[in-house]
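What follows is calculated from the coordinates using simple rules that are stated; it is not laboratory data. What you see is a predicted model; the values in this text were computed from it and never measured. Note: ideal-geometry Cβ built from the backbone for every residue, glycine included; neighbour counts use all protein chains shown.
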């Protein structure tokens, strides 16, 4: 943990400032082992392997189950040299969809950084911004190594539902495919908004409810029933089953959908076919693991997400990315300063403003 990170942290329970105590090991750049203690309530949070653990004590057991599910995929990715994760960065999809999105500093946050692919790329692209990646459970030794390679990259272990940061601290906040796997997704969204500075941008990706596609809704209902059983399987067994199932799903759904997309008259039908975004025979392995292994999965209509925006006081928009099923939402926090003038205009013209 770089000492510069300390001023950006807060107790996840009372929001008090943290002091670094009992430093047991450090190198030239980072604190490797120590203790962070809240100056207000006295709670202590360990620093281990260079990563501060700022999960609230009452939420650790609940969130560990979610973290273990995805930690297995990340470990598979390391063993396979990254071949088990999507070839494209999530932030690339966001920027293709979110017109006018502006990434600013001096500090920026990714909630649910996973193995750190997106945030490491962003730290390299924006060297003048300090980046913090937060997750419940991730490849911490590898993330600590990534942080040591870049002076503007930091990692924190924490919960999206109780973000361990002071209010209005970040110039950009981003979360892709994470909040819908938490016990209270809107609370996670409110936390993202709370730590965002007024007038600054955010972007999130969430699963859609497919209210306009009865076939997809029926398929999701069936998956939900089956997931009640499969989420109890050992991760190794479930991942193996998903690997075997991926070619079958690609052949039955993805490739027929891709064929239909070549013809103008059938493109709309193509987009309504489940798993239309699959490419190679094993390209859906991690997606299937996500579908059948996640302890929690929630999906949203456009009206529900725009309700989030209104309650949070945001200027925001929603759109579908080109090659995945879900919503990308982006916008600006009003809260006193308001969004940039051009951003407000764009949001109002799209009818997505709060």
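Observations
- Here residue 281 and residue 142 are evaluated by their C-beta separation; at R0 = 30 Å the FRET efficiency comes out at 0.60.
- Neighbour-count ranking [beta-carbon atoms within 10 angstrom, fewest first] of 248, 269, 35, 9: 248, 269, 35, 9
- Residue order, fewest to most surrounding Cβ atoms within 10 angstrom, among 285, 224: 224, 285
- The chain: angle of helix 341-350 to the longest principal axis, Cα-based, in degrees nearest 10: 30
- Overall form of region 9-62 per C-alpha gyration tensor (a/c, 1.5; a/b vs b/c): oblate
- Cα gyration tensor, region 153-293 - rounded (a/c under 1.5), prolate or oblate: prolate
- Across region 214-293, Cα pairs under 8 Å and at least six residues apart give a relative contact order of 43 percent.
- Counting only alpha carbon atoms, the long axis of helix 235-249 and the longest principal axis of the chain meet at about 30°.
- Using the rule -39500 (n - 2.57) for each DSSP H run of four or more residues, divided by the residues of the chain, the 222 nm mean residue ellipticity is -11500 deg cm²/dmol.
- With an a/c value of 1.5 or above and a/b not larger than b/c for the gyration tensor axes a ≥ b ≥ c computed over the alpha-carbon atoms, region 122-166 is described as oblate.
- Fewest-first ranking of 88, 272, using other Cβ atoms within 10 Å as the exposure measure: 88, 272
- Relative contact order %, the chain, counting alpha carbon pairs below 8 Å whose residues are six or more apart: 16
- Per-peptide packing, taken as the mean over residues of other Cβ atoms within 10 Å, places 23-34, 126-137 in the sequence 126-137, 23-34 from highest down.
- Against the chain, whose longest principal axis is taken from its Cα atoms, helix 60-79 shows a tilt of about 70°.
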